[in-house]
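Below is one structure, written out as structure tokens, with a few remarks after it.
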Amino acid sequence: MTPDQRFSRWVRIALAAFAVLFVYFLVADSFMPMTPEARVMRPVTQIAPELGAPVQAVLVNDHQRVAAGEVLFRLEPAPFELARQQALLNREQAEQENARLRAELAAARASLVSAQATLEERSGERRRAEALLGRQGISRQQYDQQVAAEHTAQAAVTSARAQIDSLEVQLGEEGEANLRLRQANNALARAELDLERTQVRAREAGVVANLQLQPGDYVPAGQPVIALVADRAEIVADFREKSLRHVNVGDEAQVVFDALPGHIAKGRVTALEAGVREGQLAADGQLTSIPTSDRWVRDAQRMRLHIALDDPLATALASLPPSGARATVQLWPGQHALAAPFAWLQAHLVSWLHYVY
């Protein structure tokens, strides 16, 4: 075989290999897609106090693992303890005010009984005077005096009843349903809650990150001062749009972490994102801005999907990988079983390549 013949044969082999790889790429991208654009995402909670106060003590260290409910730092409790004491005094004052109103109400009811007795006496005298007036036993002036006395007694009864009604309205309901006590109890509960909030706790288990807080720092309410990286993780992977047309929630996935060359973790597709930022229009009162490009072949849009691992990562690592750790994801669309061997081969090839790069 001449050199020209050998060269021609190698050219044909190269062209055939290129054609086979090109076809394989098209088929693999549709029925067993893979992407290196994947990351470990662990929820990061921004810990912020609900009160504004100086920091009394920081009870954790940077990179320390904490449990849910563990105290991270304490605020200076003195002003909130004073507020609690004031709330207790206000409740005591409310109880004393209720006791005073009850005493006044009892006195008013006694006054009503006395006024009613006086009214009965004056009514009797007026009736006797009326009988005597008919027999000319008393003068008209004396009779008018008895009528006026009866009216005065009636007015006293009406006044006593009005006083009772006023005191009953001021006193309100009895027991813990009393409005004055409920207001005092509400203020006391708020003061006790504020005092409890001087101890800022972790809402879930995780690792403290980028701790800069120091005792004596003043922290305003609602401003994050500690980042807490949670102990749970998921994988987010970005695929080209056309690579996801055969993918459904529940399809199997294999994940290869850069930090674990040779190890393949199994998982499932849990969700596909509903869109990306470029697909959101802001209602800003402006006309539509149309992006322009002079490229003949534009970049493919990538869409994000979420993957949950079947087994915790801690079984393969001493601890969870950091949030943002890179990974490669291989999908196995469930309705294309013939693609499974090739997807298995791709995932294992990538897992071994991670030993090199």
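The values are calculated or read from the model by the stated rules, or taken from the named source; none is laboratory data. Since this is a predicted model, take the numbers as computed values, not measurements. Note: ideal-geometry Cβ built from the backbone for every residue, glycine included; neighbour counts use all protein chains shown. Accessible surface areas use protein heavy atoms only, side chains included; no ligands, DNA or RNA. Shrake-Rupley method; radii C 1.70, N 1.55, O 1.52, S 1.80 Å.
Observations on the structure shown:
- At q = 0.14, 0.17, 0.26 Å⁻¹ the log10 of I(q)/I(0) for the range 74-153 amounts to -0.66, -0.77, -1.07, computed by Debye summation with a single uniform scatterer per C-alpha, solvent ignored.
- A dipole drawn for the range 14-172 from +1 and -1 charges on Cβ atoms has a positive end, and of LEU89, PHE31, GLN154 the residue lying farthest that way is GLN154.
- On Cα atoms only, tilt of 179-196 relative to the major axis of the chain in degrees: 30 degrees
- In the chain, the longest principal axis of the Cα atoms and the axis of helix 340-353 are about 90 degrees apart.
- Nonlocal amide H pairs with GLN64, under 5 Å, H built at 1.01 Å: VAL208
- Highest GNM mean-square fluctuation among ALA233, ALA149, ALA108, for the chain modelled with Cα contacts below 10 Å: ALA149.
- With a Förster radius of 41 Å applied to the C-beta separation of ALA106 and GLU196, the computed FRET efficiency comes to 0.50.
- With protein chains left intact and a 1.4 Å probe, residues in the chain average 63 Å² of accessible area per residue.
- The distance separating the Cα centre of the range 213-279 from that of the range 70-136 comes to 65 Å.
- The alpha carbon convex hull volume per residue for the range 186-342 rounds to 270 Å³.
- Both radii were evaluated on the Cα set of the chain; the Rg over Rh quotient, with Rh as the Kirkwood radius, amounts to 1.43.
- Seen against the Cα atoms of the chain and their longest principal axis, helix 78-134 is set at about 30 degrees.
- Pairs of Cα atoms nearer than 8 Å and 6+ residues apart set the relative contact order; for the range 39-103 it is 27 percent.
- Magnitude of the charge dipole for the range 70-186, about its Cα centre and with charges confined to Cβ atoms of Lys, Arg (+1) and Asp, Glu (-1), is about 600 debye.
- Largest-first principal axis extents of the Cα set of the range 116-264 (Å): 128, 52, 23
- Over all pairs of different C-alpha atoms, the range 1-131 has a mean inverse distance whose reciprocal, the Kirkwood radius, equals 26.8 Å.
- Remark: spin-label model distance GLU176-LEU26 equals 7.6 nm, labels positioned 7 Å along the Cα→Cβ axis.
- Two-site label geometry, GLU168 and TRP296: point separation in nm, points 7 Å out along Cα→Cβ: 9.5 nm
- With 10 Å bins from 0: P(r) over the range 87-127, alpha-carbon pairs, percent: 27, 26, 19, 15, 9, 3
- Using a Förster distance of 51 Å, the FRET efficiency for SER114-GLU50 (Cβ separation, nearest 0.05): 0.35
- Peptides 44-50, 234-240, 61-67, 288-294 ordered by packing proxy, namely the average of other Cβ atoms within 10 Å per residue, highest first: 234-240, 44-50, 61-67, 288-294.
- With the cut-off at under 18 Å, measuring from each backbone N in the range 262-281 to a point 7 Å along the Cα-to-Cβ line of VAL249 picks out 267-276.
- For the range 138-218, alpha-carbon Rg and Dmax in angstrom: 31.7, 103
- Computed magnitude of the charge dipole of the chain (debye, nearest 20; Cβ of K, R +1, Cβ of D, E -1): 820 debye
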